[in-house]
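Bear in mind these aren't lab numbers, they're just calculated from the coordinates by the rules spelled out. Just so it is clear, the structure is predicted and the values come from calculations on it, not from any experiment. Quick reminder, even Gly has a Cβ in these numbers, built from the backbone with ideal geometry, and neighbours come from all protein chains shown.
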Amino acid sequence: MHEQGRGCQCTIRQADQSAMIANIALTDARHAVDKLFDYLIPPELERVAKPGMRVLVPFGVRNTAVEGLILSVSQTSEFPSLKPLIRCLDPLPVLTEELISLCVWMRHQYLCSFQQSYRQVKPPYLGTRLRQWLFFLKDTEEKLSAPQRRLLDTLKEYDGFAEMAELEAALHRTSIRSSAYALQDKGLLEIREKIDNTISLKYIRKARLNFSPEEGYATADELRSRRATVQADMVLTLCDCGDLPTSDLVLISDGNYNALNALKDKGIISIYREPFLRTAYAPDQYTPSVPYIPTEEQKPVIDYLNRLITHNLHEKILLRGVTGSGKTEVFLQAIETCIKQGKQAIMLVPEISLTPQMVERFVSRFGTSVAVMHSGLSQGERFDQWYKIRHGEVDVVVGARSAIFAPFKRLGIIILDEEHEDSYKSETAPRYHARDIAFRRGAKHGAPVLLASATPSVTSYYRAKTQKYRLFEMHQRYNQNPLPKARIVDMRSELLDYHNMSSISIRLQDEIRRNLDKKEKTILFLNRRGYNTFVSCRQCGYVMECPHCSIALTYHRSSDHLACHYCGYTCQNVTVCPECGSQYIKFFGTGTQKIEEELYTLFPGVRVLRMDFDTTSGKGGHEILLNRFKNGEADILLGTQMVTKGLDFADVTLVGVLAADTSLNINDYRANERCFSLITQVCGRAGRGNTEGRAVIQTYQPENVTIRLAKEQNYPDFYENEMKYREKMQYPPFCDMIHIVLSGEDERQVKQEIANIGLLLNSRPEIQGAILQTIGPDPAPIAKIKNKFRYRIFLKAADTQQLLPLLRQISTAHNAGNSKNTLTIDINPTNML
Ligand code: ADP
Ligand code: ZN
Ligand code: ZN
């Protein structure tokens, strides 16, 4: 990315021979310039201006101060004269050199800008905010333009100075920058800039005794003899407790701030500031746990990992272990080895399974050496977790996808639990997969990367089978509990043979009743992916669609509204068809709300907890519901994807999958894989305690191979079967899928631009070997979102690395060409709509 441009290297000072030069990437949100710039490091900053440091630099003709990041420091520059940087923004570099090079690599690999990859890796919420203040200097007789005159007069009304944003609001203008600069050039006002960090540490004041405790006791006696009893008590408290926050000291010793200041003035104590770091959990709420003796299946995996960790060897390992086989215990023991050897560990889990139960297992084993990163944390809490990691105050981070960037210096192991989960892939730029970042960081640090799942993605399993990863398998549940007995129910015969109109089959009803009688718990799972409740007309077939997106509106029963899940559009439900005027307009499909009502009708008095997007959206909503279920406040837990993950309730003996095939009917090559893993995961929730579990799988396609094999929890056969299909159709792992999507409001322009991209791709003979197949340009499956038309090209790529330069060229040309359309290039997207 060393494309040092013309332009910005203004002549301020000649670079003398000895000066140090910083290569800087702009990280300021106001400047999306994807280039490096050279700046002089003033002599007084040479010791701190190191790679990874955030700095302020003068930029553009106006020399506005903007935020940048030093990528490297050198002694020469191609440019004869450079501006000096203004100042450093942090006491320590925010990125390590390893993370800087990771950003550079991500920029290349994921076809994004440096700024975009930096934003992923940087401390959460850390940035700068520019405040521009205008100061009135003098008025003039000269004729000014109307906007300039109004600005100057308003500024005078504000007693001579005001913030730019404030004046813009007062003048009802979106920007007064050009008027302001023009007035400054005329010498009528002055613009002063102030730059603040957007987030900073909280500090607390602590008191420290300036003597040893023995001397302290003597001092206390002396104070008491001089009737300074309050001061004496405060000194004694410090002797007993060591350093204390001043507020605690006053509270504990029943003292006051006057006495505190008196002690300070006498030189008996000193007051200092210390960062106050917010924790993401309360460690003292957890009972400590100790390692179990490994089972025969766990032992070889743990031993192998320990050896790799000890010798700093990077290796990629796939652990396939059935649910309940003790994978988490393997993670815990390997992490313990890391900590004992002074190394650190990253433990990734999908956001959805980052439940309190999961966190508890880590905190109860490792106490305060664990940092937790999840989306429920406040900005300050997130930043503090990062700070602790950066300053070596914790050894383990447990978190969702972005925790892969934890700034540890000596990584001992990286673990991805539920490695098949889609949430490890970022859907915004940089469109990275946490697994690939893990491999890169693991290789740099000499640390093993462990991927684990009961149902690995077929791509990972293929790599393990072809010796790219080392494979370990655990087949037994740790207590030899059998996997739940599963039954398939054919929903077609429910209606035909039993006249059962309910979405709950007779069989499942019987099983639920049995559980209610025995006071055992039940989990019901409804897969909502691609399975919305939509409203349509039985007479003419008209479907209520969003006016801005080409997608059916979803019916919300509780408010009798229709809503679009893509753009948020809502409207009142209709009773007559807008197309033909008939009254036979009805909603179809099944939502959790509807099932909940059915349950109340079928089992009067039943206690149901519904867990879906609506009931868990508040802070900790998920947690509260789970606790209520755990505490026996309900007989049935009914929910979407959320109920399939990581829950470990001993007393759940029945699991019902209400509509197994919905995930099969999606136009996506991974539909089978998703369906298999969902059914397996959800059935794995039953029978974790001592009672055997049962599962009922309802489907309209009972003969479907994937569903049959999922019922048997037969991963090897599923894998073999799926690989035949992937190979025949040329899908991953036999290629990469590269998705090029262009969207914009003017359909003709979008079509034109994507056609040009298509032509370019076809016109390069040197890359044709790298492409197996080009599909499109075509309208995307969802052809319109938020009034933007979407077109796409699909490439099946045999060699993605070879294609990257051309793809980069396409995206650079798009960005440079002032196109109004939005271009995204995604390699192996999780969502192909
Ligand atoms: P997985 O992560 O594969 O689903 P877990 O690690 O959650 O499996 O293990 C399931 C249960 O077995 C947990 O309650 C765990 O505490 C217990 N367990 C795991 N390994 C052992 C062991 N070696 N000895 C005793 N109990 C174990
Ligand atoms: Zn109609
Ligand atoms: Zn919409």
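What's the FRET efficiency of Val73 with Glu163 using the Cβ-Cβ distance as r and R₀ = 35 Å, to the nearest 0.05?
With a Förster radius of 35 Å, E is 0.50.
Which far-off residues, 5 or more places away or on another chain, put their amide H under 5 Å from the one on Asn828, with H placed in the peptide plane?
It is Met737, Ile738, His739, by chain and number.
Given labels modelled 7 Å from the Cα in the Cβ direction, how far is it in nm from Arg628 to Arg227?
6.3 nm
Quick check on the chain: what are the equivalent-ellipsoid semi-axes from the Cα gyration tensor, as sqrt(5λ), descending, whole Å?
Equivalent ellipsoid semi-axes, largest first: 50, 40, 30 Å.
Through the Karplus equation 6.51 cos²θ - 1.76 cosθ + 1.60, θ set to phi - 60°, convert the phi angles of the stretch 335-340 into ³J(HN,Hα) values in whole Hz; use x for Gly and Pro.
So the Karplus estimates, Gly and Pro as x, are 5, 4, 4, 3, 4, 4 Hz.
Can you tell me the relative contact order of the chain? Whole percent, Cα pairs under 8 Å, sequence separation 6 or more.
After rounding, I find 9 percent.
Rounded to the nearest 0.05, what FRET efficiency do Val290 and Lys468 have when you use their Cβ-Cβ distance and R0 = 25 Å?
After rounding to 0.05, the efficiency reads 0.10.
What is the sum of charges, Lys and Arg at +1 and Asp and Glu at -1, for the other residues whose Cβ falls under 12 Å from the Cβ of Leu167?
Around Leu167, the charge tally is -1.
Whole-Hz Karplus ³J(HN,Hα) for the stretch 450-467, in order, using 6.51 cos²θ - 1.76 cosθ + 1.60 and θ = phi - 60°, x for Gly and Pro?
10, 9, 9, 5, 7, 9, x, 4, 4, 4, 5, 5, 4, 5, 5, 5, 9, 6
Amide H to amide H, which residues 5 or more places from Ala447 or on other chains are under 5 Å from it, using H placed in the peptide plane?
Amide H to amide H, under 5 Å and 5 or more residues apart or across chains, Ala447 pairs with His314.
Net charge around Arg227, counting only other residues with Cβ within less than 13 Å of its Cβ (Lys, Arg = +1; Asp, Glu = -1)?
-1
Using θ = phi - 60° and the Karplus form 6.51 cos²θ - 1.76 cosθ + 1.60, what ³J(HN,Hα) does each residue of the stretch 721-738 get, whole Hz, x for Gly and Pro?
Running phi through 6.51 cos²θ - 1.76 cosθ + 1.60 with θ = phi - 60° gives 5, 5, 5, 4, 5, 5, 5, 4, 8, 6, 10, x, x, 8, 6, 9, 9, 10 Hz.
So, counting K/R as plus one and D/E as minus one, what does the shell of residues with Cβ under 11 Å around Phe734 add up to?
+1
So, in Å, what gap is there between the alpha-carbon centers of the stretch 333-393 and the stretch 773-796?
Answer, in whole Å: 40.
Please give me, ordered by residue number, the trypsin sites (Lys or Arg not before Pro) of the stretch 742-831 that lie in loop per DSSP and have at most 12 other Cβ atoms within 10 Å.
Taking the stretch 742-831 and a limit of 12 other Cβ atoms within 10 Å, the loop trypsin sites (Lys or Arg not before Pro) found are Lys820.
Can you compute the label reach from His108? Point 7 Å from Cα along the Cβ direction, backbone N cut-off under 12 Å, restricted to the stretch 782-807.
Counting backbone N atoms under 12 Å from the label point, the list is 801-802, 804-805.
What is the list of residues in the stretch 770-787 whose amide nitrogen lies under 12 Å from a point 7 angstrom out from the Cα of Ala798, following Cα to Cβ?
Of the residues in the stretch 770-787, 770-773 have backbone N under 12 Å from the label point off Ala798.
With both partners inside the chain, how many of the DSSP beta bridges are antiparallel, as a percent to the nearest 5?
For the chain, the DSSP antiparallel bridge percentage is about 60.
Can you tell me how much longer the chain between Thr570 and Gln539 gets when fully stretched, taken as 0.36 nm per residue apart minus their C-alpha distance, in nm with one decimal?
Taking Thr570 through Gln539 to full extension adds about 8.7 nm, to one decimal.
With the crude spin-label approximation of a point 7 Å out along Cα→Cβ, what separation in nm comes out for Lys751 versus Ala32?
2.7 nm
Suppose each label sits 7 Å from its Cα in the direction of the beta carbon; what would the Leu772-Lys519 distance come out to in nanometres?
5.7 nm
Please report, in cubic angstrom per residue, the volume enclosed by the convex hull of the alpha-carbon atoms of the stretch 336-472.
120 Å³
Collect residues whose amide H, placed 1.01 Å from N in the peptide plane, falls under 5 Å from the amide H of Asn527; neighbours closer than 5 in sequence don't count.
The answer is Leu658, Ala659.
Between the DSSP loop rule and a limit of at most 16 other Cβ atoms within 10 Å, which trypsin sites (Lys or Arg not before Pro) in the stretch 116-146 are left?
Listed in order of number, the matching sites are Lys138, Lys143.
Looking at the stretch 395-470, which GluC sites (Glu not before Pro) are in a loop (DSSP not H, G, I, E or B) and have at most 13 other Cβ atoms within 10 Å?
Sparse-neighbourhood loop GluC sites (Glu not before Pro): Glu427.
On a full-extension model of 0.36 nm per residue, what is the gain between Asn815 and Cys580, subtracting their alpha-carbon distance, rounded to one decimal in nm?
80.0 nm
Can you compute the helix-only [θ] at 222 nm over the chain? Use -39500 (n - 2.57) per DSSP H run of at least 4 residues, normalise by all residues, nearest 500 deg cm²/dmol.
-10000 deg cm²/dmol
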